[in-house]
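Contents: one structure, followed by commentary.
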Amino acid sequence: MDAVKIALSALFSLVFMFLLTKLMGHKQVAQMSVFDYVEGITLGSIAAELATELETPWRPALAMAVWGLAGWLISFLTTKSLKARRSINGKPEILMEHGVIHREALQRAKLDLSEFLAACRTAGYFDIGDVETAVLESNGTVNILPVEGKRPLTPQDIRIQPPQSFLPTPLIMDGEVLEGNLRSLGADLTWLRKQLDAQHIKNPQEVFLALCDHDMALTVYPMKA
């Protein structure tokens, strides 16, 4: 009987955790602030307790709700107030500028020279002389502006104007036709079937993925390559 209760409690914990995650929004690990990271660990710990708490499950559930609400409130404040955003998430720190490494900034960021050089190498700059400005963002990543002669060449530098690229639109995924996307392109099922027939495909269920580009050209990836 206890095994059934634990299974149901674990399922409830999973659903509750999912709803809280949806409420707080989606962030990649690299985009998390320190508070986001601590909150994620804490909620995971409380969810694990909730999954096995049989006597008073409302206690960890209430704690999860409070943490989730607090996280949502802080996220709301940081989107509405610059002062709150700087107080909670911090602000970018200039670690190097005009070829000068700011020792005090490294100390405030709790970075030593080895870590700073490693961050430069990770960004692709093995020679620190190629770095004009290095900025530590509030999420912990180091972004680098290279000196003018070391930055990648762009089409504008050689005065050419390449055509604008557009995202392809998926029309079939896992054998299922996405009719909403098809209508957004001004096409219909008859047009799609003609495109598939031209590629010797008789049924959309044979298609793993079909993408349509800006010129209405269809690229098909069959189920069986």
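The values are calculated or read from the model by the stated rules, or taken from the named source; none is laboratory data. Just so it is clear, the structure is predicted and the values come from calculations on it, not from any experiment. Cβ coordinates were reconstructed from backbone atoms using ideal geometry, including for glycine residues, and neighbour counts include every protein chain displayed. Just so you know, the surface numbers come from the protein's heavy atoms only, side chains and all, with ligands and any DNA or RNA stripped out. Shrake-Rupley method; radii C 1.70, N 1.55, O 1.52, S 1.80 Å.
Of everything in region 174-205 that's at positive phi and free of Cβ contacts under 8 Å to residues at least 12 places away in the same chain, which residue is least open to solvent (accessible area, probe 1.4 Å)? Show your work before the answer.
Residues of region 174-205 that are at positive phi, as a first pass: 174-175, 186, 200.
Among the residues that remain, those that are also free of Cβ contacts under 8 Å to residues at least 12 places away in the same chain are: 186, 200.
Numbers: 186: 72, 200: 155 Å².
So the residue we want is 186.
Looking only at residues in region 136-146 that are open to solvent by 40 Å² or more (accessible area, probe 1.4 Å) and in contact with a helix residue (DSSP H, G or I) (Cβ under 8 Å, 6 or more places away or on another chain), which one is modelled with the highest pLDDT?
Here the answer is 141.
Given the criteria open to solvent by 50 Å² or more (accessible area, probe 1.4 Å) and more than 30 Å from residue 221 (Cα to Cα), does residue 158 qualify? Quick ask: steps written out before the conclusion?
Numbers: open to solvent by 50 Å² or more (accessible area, probe 1.4 Å): yes; more than 30 Å from residue 221 (Cα to Cα): yes.
Spelling it out, residue 158 is indeed open to solvent by 50 Å² or more (accessible area, probe 1.4 Å) and more than 30 Å from residue 221 (Cα to Cα).
Scan region 168-180 and tell me whether some residue there is in a helix (DSSP H, G or I) and not polar (S, T, N, Q).
Going through region 168-180, the residues in a helix (DSSP H, G or I) turn out to be 179-180.
Filter once more, so that each one left must be not polar (S, T, N, Q): 179-180.
Yes - at least one qualifying residue is present in region 168-180.
Anything in region 188-203 that is under 12 Å from residue 220 (Cβ atoms) and of a type in the set (Asp, Glu)? List them, or say none.
197, the sole residue that qualifies.
Which one of 133, 169, 190 is touching a helix residue (DSSP H, G or I) at 6+ places or on another chain (Cβ under 6 Å) and at pLDDT 90 or above? I'd like the intermediate steps shown before the answer.
Numbers: 133 fails: touching a helix residue (DSSP H, G or I) at 6+ places or on another chain (Cβ under 6 Å); 190 fails: touching a helix residue (DSSP H, G or I) at 6+ places or on another chain (Cβ under 6 Å).
Unique residue meeting the criteria: 169.
Could you grab me the full set of residues in region 194-223 that are within 26 Å of residue 165 (Cα to Cα) and in a helix (DSSP H, G or I)? Let's see the steps before the verdict.
First pass over region 194-223, keeping only residues within 26 Å of residue 165 (Cα to Cα): 194-196, 198-199, 207-222.
Scanning region 194-223 gives 194, 195, 196, 198.
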